[in-house]
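I have placed the structure first, in the form of structure tokens, so that the comments after it can refer back to it.
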Amino acid sequence: MAIAQWLNQTIGFFVFFFLDIFDYLFCFIYKTLDLFFEYEWKPCYCSFPLEAQAKTRKIIVSERGDYSNVVSMTRTKIHFDEISDTLYSRGPSLLMRLSKLVSSVKFFNYTGLIMRHNVVDSCDNTDDSKKKTRSGSKKRMTLNSTVVEKLPTTPRWSDCHCSFCTSWLSPSNKDSLYVKVQQPKDNKKARDNVVFIHGFLSSSSFWSETLFPNFSDTAKSNYRLIAVDLLGYGRSPKPNDSLYTLREHLEMIEKSVISQYKLKKFHVVAHSLGCVLALALAVKHPGAIKSLTLLAPPYYKVPKGVQAAQYVMRKVAPKNVWPPMQFGASLISWYEHLGRTVCLVLCKSHRLVDSLTRLLTLNRMRTYLIEGFLCHTHNGSWHTLHNIIFGSGGKLDSYLDYVRDHVDCDITIFHGRKDEVIPVECSYSVKTRVPRATVHVIPDKDHITIVVGRQKEFARELELIWQTSKTIYK
């Protein structure tokens, strides 16, 4: 074991050393290609924040260790958001240089952009002396949590332009997420609603192609099943100027699911990344949640005094060459430009990959997982990974505490014993924080086969959870 670990670390040192060099070179390659195809020199996170903000109009207004408050204005949107510091600082030396630059940024103001921000109340309590304009008069800047839409965005040259991936650009689809709904023929007979939230590099088909056909006739006649493609995945919008923050993901779910279907109370089933969004929804709508079912929640107990986002990133992507899942996670987490290359090669060719898979397996293998794994953009997956999975590392403690004390519902957790992406200890950590949670560890199952391959069994387990929760928390 010790020798294997030594080999893994030694080989990894050289492999990632060369990947560092390649990523640096690809930075210049993509800047040149962007200039050629889009007539614009696109900034990246290799730049220091001040350099990037000068090119993209992203303004860092405060820095708080694990994430930064950013106002960004692009051709299509105005944002006020928290972005993970892992986007800009993925190495100690860069982090130190970044902190010096950020500390010099005190206040930035866009003339004429005076809005109300009802999520971050701290803006209202900021000392007025820091909000003086050049003329000396005081002006309070508050920001609305609603993103201001101006014009639809188009895919970048390196993104897939097929009809499936660009279906969201039609006027009827560009403002809402794609939602797959299975409900009784007479919708009035649906007594309960269930919202399914997929994980990272996935889509609604993860649920609709596995669980939906395997629910009992009784469940199909009593429940309205709602599976959503998250922002940036599947058929949902993939805006290339979005930061894909927690706020943006939540607002799109609220708009496309909760408001659209007028949900007052509902069950939630979430996988991996989706667990973070499910907990955030429970905090925001505590009285609406009837049950929470979490599969492989990415909750890491962060030691005191450690930057949470950086800690979670190193847990999820520890720069190991073995096992392969950790190597893949490290590649897409640490290397912005190599990750974009993977998307360019695979995501833009997902139809070819699908066809080859069908040909090689003589149509004996269903390829619905390819839809989620490859039908996304690098911009969406990169920002979602950093801003949701890594960036929420410092927030999940408070989310779980709130759910424990204020959300009156059953919490059931499933985790595969052989999960190499999210270790089973994460689920036990959730139970430590929320003692009433029930943890089921499934032998010989991993991050995907916790559902795929045991969909009939899992469908029965979910039905039992929903039936039980109805009698306890009516």
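The values are calculated or read from the model by the stated rules, or taken from the named source; none is laboratory data. Quantities reported herein were computed from a predicted structural model and do not represent experimental measurements. All Cβ positions, even for glycine, are placed from backbone atoms using ideal geometry, and neighbour counts span all protein chains on display. Ligands, DNA and RNA are stripped out before the accessible areas are found, and what is left, the full protein with its side chains, is counted by its heavy atoms. Shrake-Rupley method; radii C 1.70, N 1.55, O 1.52, S 1.80 Å.
Report the accessible area of residue 300, computed with a 1.4 Å probe over the heavy atoms of all protein chains in place, in Å² rounded to the nearest 10.
For residue 300, the solvent-accessible surface is approximately 20 Å².
Would you tally the net charge around residue 179, using a Cβ to Cβ cut-off of less than 10 Å, leaving residue 179 out, and scoring K and R as +1, D and E as -1?
+1
Restricting to Cα atoms and excluding each atom paired with itself, what does the Kirkwood estimate give for the range 246-373 in Å?
That comes to 17.9 Å for the range 246-373.
In whole Å and largest first, what semi-axes does the C-alpha gyration tensor of the range 315-441 yield when each eigenvalue is scaled by 5 and square-rooted?
For the range 315-441, the semi-axes come out at 33, 19, 15 Å.
Grab the range 257-392 and count how many Lys pairs have their alpha-carbon atoms under 19 Å apart, sequence gap of 8 or more, or different chains.
Close lysine pairs under the 19 Å cut-off: 8.
Per the Kirkwood formula on distinct C-alpha pairs, the Rh of the range 323-384 is how many angstrom?
12.6 Å
Please list 3J(HN,Hα) in residue order for the range 404-410, calculated via the Karplus relation 6.51 cos²θ - 1.76 cosθ + 1.60 where θ = phi - 60°; whole Hz, with x for glycine and proline.
4, 9, 10, 9, 8, 8, 6
Once neighbouring chains are kept in place and the probe is 1.4 Å, which whole percent of the accessible area of the range 169-304 is contributed by carbon and sulfur? Don't skip to the answer; put the middle values down first.
On the way: 2270 of 4610 Å².
Summing carbon and sulfur atoms, their accessible area is 49 percent of the total for the range 169-304.
Per the 1.4 Å probe, what fraction of the accessible area of the range 349-470, in percent, lies on carbon and sulfur atoms?
56 percent
Would you pull out the residues with amide H under 5 Å of residue 200's amide H, same chain only if 5 or more places away, H placed 1.01 Å from N?
273, 274
Can you give me the solvent accessible area of residue 23 with a 1.4 Å probe, rounded to the nearest 10 Å²?
Around 10 Å² of this residue is reachable by solvent.
Kirkwood hydrodynamic radius of the range 413-474 from all distinct Cα pairs, in Å?
Roughly 12.6 Å, rounded to one decimal.
Could you derive backbone 3J(HN,Hα) for the range 17-27 from the dihedral phi with the Karplus parameters 6.51, -1.76 and 1.60 (θ = phi - 60°), listing whole Hz in sequence and x where the residue is Gly or Pro?
5, 6, 5, 4, 5, 4, 5, 5, 5, 5, 4
Which Rg and Dmax, in Å, describe the Cα atoms of the range 202-321?
Rg, Dmax (Cα atoms, Å): 16.4, 52.
Determine the per residue accessible area of the range 273-349 with all protein chains present and a 1.4 angstrom probe, expressed in square angstrom.
The answer is 35 Å² per residue.
Could you tell me how far the Cα centroid of the range 274-306 sits from the Cα centroid of the range 334-387, in Å?
Taking the Cα centre of each part, the range 334-387 and the range 274-306 sit 27 Å apart.
Which order do 289, 21 take when ranked by solvent-accessible area (1.4 Å probe, heavy atoms of all protein chains), largest first?
Details: 289 10, 21 70 Å².
If we order 289, 21 from most to least accessible, we get 21, 289.
For the range 383-420, which trypsin sites (Lys or Arg not before Pro) are both in a DSSP coil and crowded by at most 15 other Cβ atoms within 10 Å? Let's see the in-between values first.
Numbers: sites: 395, 404, 417, 418; in loops: 395, 417, 418.
Filter output for the range 383-420: 417, 418.
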